[in-house]
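Peer 1: Below is a structure I'd like to ask you about.
Where a number appears in this text, it was derived from the coordinates with a stated rule and is not lab data. These numbers were taken from a predicted model, which means no experiment stands behind them. Methodologically, a virtual Cβ is constructed for each residue, glycine included, from the backbone with ideal geometry; neighbour enumeration extends over all protein chains shown.
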Amino acid sequence: MISEIFTLANLSTLVMLVLLQAVLGFDNLLYISLESKRAPKESQSYVRKMGIGVAIILRIVLLFLLVNLIAYVQNDLFSFDWGFASGHFNLHTLIVLLGGAFILYTAVKEIWHMMSPIHDINEGEKESSTVRSVITMIVVMNLVFSFDSILSAMALVGGEEDTHGVFSTVDIIIMSTAIIIGGMLMIWLADKVSEFLQKNRLYEVLGLFVLFIVGIMLITEGGELADLHIAGSPIEKMSKTTFYFVIGVLIVIDLVQSKYQKKLIAEEQQAIQARERNK
């Protein structure tokens, strides 16, 4: 068994799966960093680690379930055709759609709260959520993000035809190992991302808009999986290439705006100093 696992082909597959987990886990990591802020400050690091740790275990459970029940997950639960809209929904599409909608709601709620005039005044007085509730949300949303990463891993390990067939024990061990390594990387990075956002509060706005786009991406993906048509036009998912391009544009805009803002502040200070000298 050990000699079957430690082959060059399997090790290269493991590396690819870990990279896949890292790429697909970026938006998940951002959500965890922002969601953990709802917990008391002294418990936030614990919340992130515990949430990801529990999610790793449940991801492996989910992997075993999907390997054995993939056909049932993909079976239609219900469909509708109302003329102006139609679609076919299964468990997978519903999880992706509802997860995307919740992330969109979370991002909009936090952006609205940030724009509130009393945001700064009540920042220190706002009621923190319980540790258990925040961990629960992190675990639940981690599982939502897990569906795509696990299904992609299954396709990468077994090929398109094997996603509906039987995976070997070696395949399952490789995928489980990739999930554990990816989860450990997330635990290591979660505190660093959160610390960066706390020290650079302006990037928190950027993070919320990235989360907003993640929600749109999941909704469009769920719409495509459900073969959803509105007014005769099919819903097409946002590709990862488009997602990262939009994120890149947002980062560039944020950097340019930040630099321009510093320039305006410097010019204003120079004008004030000039007026004081002329008095």
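Peer 1: What residues have an amide H closer than 5 Å to that of Met238, excluding those fewer than 5 places away on the same chain, when H is modeled at 1.01 Å from N in the peptide plane?
Peer 2: Thr220, Glu221
Peer 1: Check which residues have an amide H placed less than 5 Å from Ala85's amide H, if you skip close sequence neighbours.
Peer 2: So Ala85 has HN proximity to Ala231.
Peer 1: Using only Cα atoms, locate the centre of segment 14-91 and the centre of segment 202-279, then give the distance between them in Å, rounded to an integer.
Peer 2: 24 Å
Peer 1: Two decimals is fine: what's Rg over Rh for segment 197-241, C-alpha atoms, Kirkwood radius as Rh?
Peer 2: Result: Rg/Rh = 1.21.
Peer 1: Listed highest first by mean packing, meaning other Cβ atoms within 10 Å per residue, what order do 224-235, 267-278 come in?
Peer 2: So the order, starting with the most tightly packed, is 224-235, 267-278.
Peer 1: Count the net charge of all other residues whose Cβ sits under 10 Å from the Cβ of His88, scoring Lys and Arg as +1 and Asp and Glu as -1.
Peer 2: With Lys, Arg at +1 and Asp, Glu at -1, the net is -3.
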